[in-house]
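Below: one structure, written as structure tokens.
Only the coordinates and a few stated rules stand behind these numbers; no lab work does. The shown structure was predicted, so the numbers you read here are calculated from the model rather than taken from an experiment. We place every Cβ from the backbone using ideal geometry, glycine too, and count neighbours over all the protein chains shown.
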Amino acid sequence: MKEALTRQRRLIILGSVLSTAHQAGEAAVPFLIGVVIDRAVDGTVGDLFLWLGVLGAIYIGLSYSFRYGARAAERASEQAAHDLRVRITRRVLHDRGGAESGRLPGALVAVATSDTARVGAVAVALVYLSSAVVAVVLTAVLLLSISIPLGLLVLLGLPPLMWLTRLIGKPLEERSETEQEHGSQASGIAADLVAGLRVVKGLRAEEAAVARYRKRSRVAVTATVRAARAETAYQGVVIVIGGLFLALIATVGGILAAGGSITVGQLISSVGLAQFLVGPLSTFGWVGADLAQGRASAKRVAAVLSAPEAVAGGDQSPVTPARGEIDLRVRDLAVKITPGEFAGVVATDPADAAELVRLLNRSLDPADGVVSLDGVALATLNPDELRAVVVAVEHHTDLFDGTIRSAVSLDRAGPATVDAAMAAADADEVARSLPDGLDAVLDDGARTLSGGQRQRIALARALASDAPVLVMHDPTTAVDAVTEARIASRLREIRAGRTTILISTSPALLAVTDRVLFVHDGVVRAEGTHGELADGDEAYRETVLA
């Protein structure tokens, strides 16, 4: 939080100066009204109009200073929040990962939106806090000029008042942090349910999904209500304390006026200044609440930004052009793929298949073992540069808003490459079914398309990368058997001469590979062509043909 606000220090300082000028003008008004009254009683008409002119000039000044001070404060708030959102986005998208570990996507969105907004709001709070402090001090000085007891009462009463405000704000900070945590978890579950809505309906699990969200939402609502109660109680206590403080000032002023220590005009100024203090003292209330909530949100933002990297180290660049030899030795699993080989991998445990993909795209480094490309350990290579050579596509893929052409090319592949990839993935049939073809817009994650259509476009995107090494995990699970057979026959052609690893249990895909490695219980149990393994290994046959 400190760094984000420091970057906006110029706007915060400008806003503070202008806001302070506004508060100074506001404090001067009741004081000058008392002066005008005294001049009207004892002075000349010229003095009266002079001070009325001064009063009018102050009104003009405080009006403009408030307008531009508030603008500077809000701009600092928005820019600080925007800066944090950009930093969180960069951290989440960092090639070494780690920020998403243990967090639902919806929770990350809540941090990037709600929490950053609360941290940004601290800039506004700081501007008004500084002006409120100056306003109270200036009021004390003006009261000192009227009566030393009144001025000392304000100056001596302000520090314990601020300490008490900070003390009673502690529970609010804790409850605000809990509220944000539960709220982000509820948002995360909601986002996941919306993303998997078709799956939920297909499994007829609507009631279970609703019950899960309702339970989490109820916890979030309870936390929010508790935080709101704490905030309301906090502001109420601050207002009561401030009111008692003002009543004390007014009472002392009345006693002094009754005793002749101050004039009628000075009494009016004293009461007016006491009434003016209602604003700065109430500011302490909401500013304290904003600071408490900002600190709680800052902790959550800092937790994302400081999340440890999933893969550390490795700054070398892979040797290019890459031959495409893959050697993976992790625990008891040993997989070696020769350059240019079109290999299949069948894993009886889906977790083993998913881990292979993550090891090969280096979103995970092996705790025991090594994975190498052309004899160089992946752990020594820069992840971003490695992924330009080894494209390992996980089973679950997302399509983003934009045209089919941009979704497949990612604004890198040329038209010829895109056309070849679309044909190989049988995604050209999807484009032809849409009025605008490749220029058809995919919105809302392409949810208007069927699962098989989305999967074919995602497969075309992977093929359009034209990577020296391409790893695909179950790329055709949502397409029909006839379409899958067409895709299988075209994959070998488009990937000729380059290393390709198909992690799948699809007989159609495995039938076109050069070699299949059968992984069972974490080891390569057998290897050979699809036909040989289907004939000679019962476990393989049950895994692939069942």
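What's the Cα-based Rg to Rh of the chain, Rh via Kirkwood?
1.20
Once both labels are modelled 7 Å past Cα along the beta-carbon direction, what's the residue 448-residue 332 spacing in nm?
The modelled label-to-label distance comes out at 5.2 nm.
Once every Cα of the stretch 254-387 carries one equal point scatterer and solvent is ignored, give the base-10 log of I(q)/I(0) from the Debye formula at q = 0.10, 0.11, 0.16 Å⁻¹, two decimals.
Once normalised to I(0) and log-transformed, intensities are -0.56, -0.62, -0.89.
Subtracting the Cα-Cα distance from 0.36 nm times the residue separation, let me have the gained length for residue 233 to residue 113 in nm, one decimal.
Length gained, residue 233 through residue 113: 40.6 nm.
Roughly how tilted is helix 350-360, in degrees to the nearest 10 and between 0 and 90, from the longest Cα axis of the chain?
Its long axis makes an angle of about 80 degrees.
Output wanted: per-residue J couplings in Hz (rounded whole) for the stretch 130-141, from phi through Karplus 6.51 cos²θ - 1.76 cosθ + 1.60, θ = phi - 60°, x for Gly and Pro.
Values, residue by residue: 4, 5, 5, 5, 4, 4, 5, 5, 4, 4, 5, 5 Hz.
Determine, from the Cβ-Cβ distance of residue 397 and residue 71 and an R0 of 60 Å, the FRET efficiency 1/(1 + (r/R0)^6), rounded to the nearest 0.05.
The computed FRET efficiency comes out at 0.85.
Using θ = phi - 60° and the Karplus form 6.51 cos²θ - 1.76 cosθ + 1.60, what ³J(HN,Hα) does each residue of the stretch 503-508 get, whole Hz, x for Gly and Pro?
Values per residue, Gly and Pro as x: 8, 7, 10, 7, x, 5 Hz.
Extension gain residue 477-residue 532, at 0.36 nm per residue separation less the Cα-Cα distance, in nm?
Difference between extended and current length: 17.5 nm.
With labels modelled as points extended 7 Å from the Cα through the Cβ direction, what inter-label distance (nm, one decimal) is found for residue 521 paired with residue 251?
In this crude label model, residue 521 to residue 251 measures out at 8.6 nm.
Set the Förster distance to 45 Å, then compute FRET efficiency between residue 60 and residue 3 from the Cβ-Cβ distance, nearest 0.05.
The calculated FRET efficiency here is 0.75.
For the chain, find the longest principal axis of its Cα atoms and tell me its angle to the long axis of helix 278-305, 0 to 90°, nearest 10.
For helix 278-305, the angle is close to 20 degrees.
Please turn the phi angles of the stretch 416-421 into ³J(HN,Hα) values with the Karplus equation 6.51 cos²θ - 1.76 cosθ + 1.60 (θ = phi - 60°), one per residue in order, whole Hz, x for glycine and proline.
Each residue of the stretch 416-421 in turn: 5, 5, 5, 4, 5, 5 Hz.
Considering every pair of different Cα atoms, what Kirkwood radius, in Å, is found for the stretch 246-333?
20.2 Å is the Kirkwood radius here.
What do you get for the angle between helix 170-195 and the principal long axis of the chain? Use alpha-carbon atoms, 0 to 90 degrees, nearest ten.
The helix 170-195 is inclined about 30 degrees to the chain.
Starting from the Cα gyration tensor of the stretch 354-437, multiply each eigenvalue by 5, take the square root, and state the resulting semi-axes largest first in whole Å.
Its equivalent ellipsoid spans semi-axes of 32, 13, 11 Å.
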